[in-house]
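Chemist: Mind having a look at this structure? Questions to follow.
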Amino acid sequence: MAEADLTMPVIAVIGAKGGVGKTTVAANLCTTLAQAGHRVLAVDLDPQNALRFHLALDRDACEIGLAGVLAGAASWTQAMQPARGGVVLLPFGFIDDEAQIALERHLADEPDWLARTLARFQLPPDTLVVLDTPPGPSVYLQQALRVAQLAITTLLPDAGSFATLPLIDRMVDKYCLPRADFMASVYVVNQADAGRRLNRDVLQTLREALGDRLLGVVHQDQAVSEALASAVDVRRYAPHSQAAEDFEQCARQLLRRLHPPMPFAETRRP
Ligand SMILES: Nc1ncnc2c1ncn2[C@@H]1O[C@H](COP(=O)(O)OP(=O)(O)OP(=O)(O)O)[C@@H](O)[C@H]1O
Ligand SMILES: [Mg+2]
């Protein structure tokens, strides 16, 4: 259980499988929440250091990151980066394999490292902290789940993703449910494609299985990969795209699920 009592909502974007859209969902939730009037800190807990591709204004400035601070090479102020749409990004940083092994050992020895670190930042209590995590069980996922108040599992509408649900549920049960400040475990189905029958059928099964734990559905949309290639968020790249609309619905639902709920300030799309 986390020792540090965090006053700001911490949202962990998690998933059992690789490539299902965790980073895409985390990044676009961050920019949508920021546009809806919220202060957002995005923390990349994945050694791929990929959140910067979606959010960083200066990707090269993301080399230090939290790994650099942990290695004693920089301060938190040097690691934090101003990012798209007013989001603040704490990248993972670049480290070699030996340093990564040492870092992971440290995180295993200090299970509340993230909770204590976030508490040390003394963020305003209305700051939304969004964590991106690597796929499957890891020390990074453990750290994230030990501090998250909302866990968002991202999955594809396919049989493989459906089969992995118990794995993530077990992790959430272990690290989140025992904490009094834990709010909810919810799901985002990503890359839904109404044109594909199997995809449609699995989505329907997921809707029935998850009920109100389904936070939202993000459709397969070319605007997502085009926005990434153009180094902008989907909402800015294609404000009226299906994916921008889907991310907005997910952000609205997310804010409603917080205790107390937070408002979604209506702004004109860019
Ligand atoms: N809704 C979508 N429509 C179209 N393409 C998408 C969508 N969501 C994600 N993608 C694409 O799928 C790929 C994988 O997405 P992403 O990197 O976010 O997955 P991930 O779960 O974070 O992967 P990893 O497990 O490696 O961290 C990317 O190329 C991304 O652009
Ligand atoms: Mg990722």
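Chemist: Tell me, what ³J(HN,Hα) does each residue in the stretch 255-266 have, in order and in whole Hz, if you take phi through Karplus 6.51 cos²θ - 1.76 cosθ + 1.60 with θ = phi - 60° and put x for Gly and Pro?
Modeler: Coupling constants for the stretch 255-266: 5, 5, 7, 6, 10, x, x, 10, x, 9, 6, 6 Hz.
Chemist: For the pair ALA159 and ALA180, what calculated FRET efficiency results from E = 1/(1 + (r/R0)^6), where r is the Cβ-Cβ distance and R0 = 35 Å, to the nearest 0.05?
Modeler: 0.45
Chemist: Residue by residue, what Karplus-based ³J(HN,Hα) values in Hz, rounded to whole numbers, does the stretch 139-151 have, using 6.51, -1.76 and 1.60 with θ = phi - 60° and x for Gly and Pro?
Modeler: 5, 5, 5, 4, 4, 4, 6, 6, 10, 5, 9, 10, 10
Chemist: May I ask you to order 34-41, 229-236 by the average number of other C-beta atoms within 10 Å around their residues, highest value first?
Modeler: 34-41, 229-236
Chemist: Still on this structure, I have one more. With θ set to phi - 60° and the Karplus curve 6.51 cos²θ - 1.76 cosθ + 1.60, what are the ³J(HN,Hα) couplings of the stretch 121-138 in order, to the nearest whole Hz, using x for Gly and Pro?
Modeler: Karplus-based 3J(HN,Hα) across the stretch 121-138 equals 5, 6, 6, x, x, 8, 5, 8, 9, 10, 9, 9, 10, x, x, x, x, 6 Hz.
Chemist: Considering just Cα atoms, how many Å³ per residue does the convex hull of the chain enclose?
Modeler: Per residue, the Cα convex hull of the chain comes to 118 Å³.
Chemist: Using protein chains only and a probe of 1.4 angstrom, how many square angstrom of MET171 are accessible, to the nearest 10?
Modeler: Around 30 Å² of this residue is reachable by solvent.
Chemist: May I have the extent of the alpha carbons of the stretch 72-148 along their three principal axes, as whole Å values ordered from largest to smallest?
Modeler: For the stretch 72-148, the Cα spread along each principal axis is 33, 25, 24 Å.
Chemist: How far apart, in nm, are the 7 Å Cα→Cβ label points at ILE101 and THR77?
Modeler: 3.6 nm
Chemist: Additional query: Calculate the FRET efficiency for ASP58 and ALA265 from the Cβ-Cβ distance with a Förster distance of 35 Å, rounded to the nearest 0.05.
Modeler: 0.80
Chemist: So what is the accessible area of the chain per residue, in Å², with the probe set to 1.4 Å?
Modeler: It amounts to 43 Å² per residue over the chain.
Chemist: Enumerate the amide H contacts of ILE64 below 5 Å, restricted to partners 5 or more residues apart or on another chain; note that Pro and chain-start residues carry no placed amide H.
Modeler: PHE94
Chemist: Quickly rank 80-91, 212-223 as a protection proxy: mean count of other C-beta atoms within 10 Å, highest first.
Modeler: 80-91, 212-223
Chemist: Let me have the 222 nm mean residue ellipticity of the chain computed from DSSP H runs of 4+ only, each contributing -39500 (n - 2.57), with the sum over all residues rounded to the nearest 500.
Modeler: My calculation for the chain gives -13000 deg cm²/dmol from helical runs alone.
Chemist: For ASN190, list long-range residues whose amide hydrogen, built 1.01 Å from N in the peptide plane, is under 5 Å from its own amide hydrogen.
Modeler: LEU155, LEU156, VAL218
The values are calculated or read from the model by the stated rules, or taken from the named source; none is laboratory data. These numbers come from a predicted model, not from an experiment. For neighbour counting, all protein chains shown are included, and Cβ atoms are generated from backbone atoms with ideal geometry for every residue, glycine included. Keep in mind that these areas ignore ligands, DNA and RNA; they rest on the heavy atoms of the full protein, side chains included. Shrake-Rupley method; radii C 1.70, N 1.55, O 1.52, S 1.80 Å.
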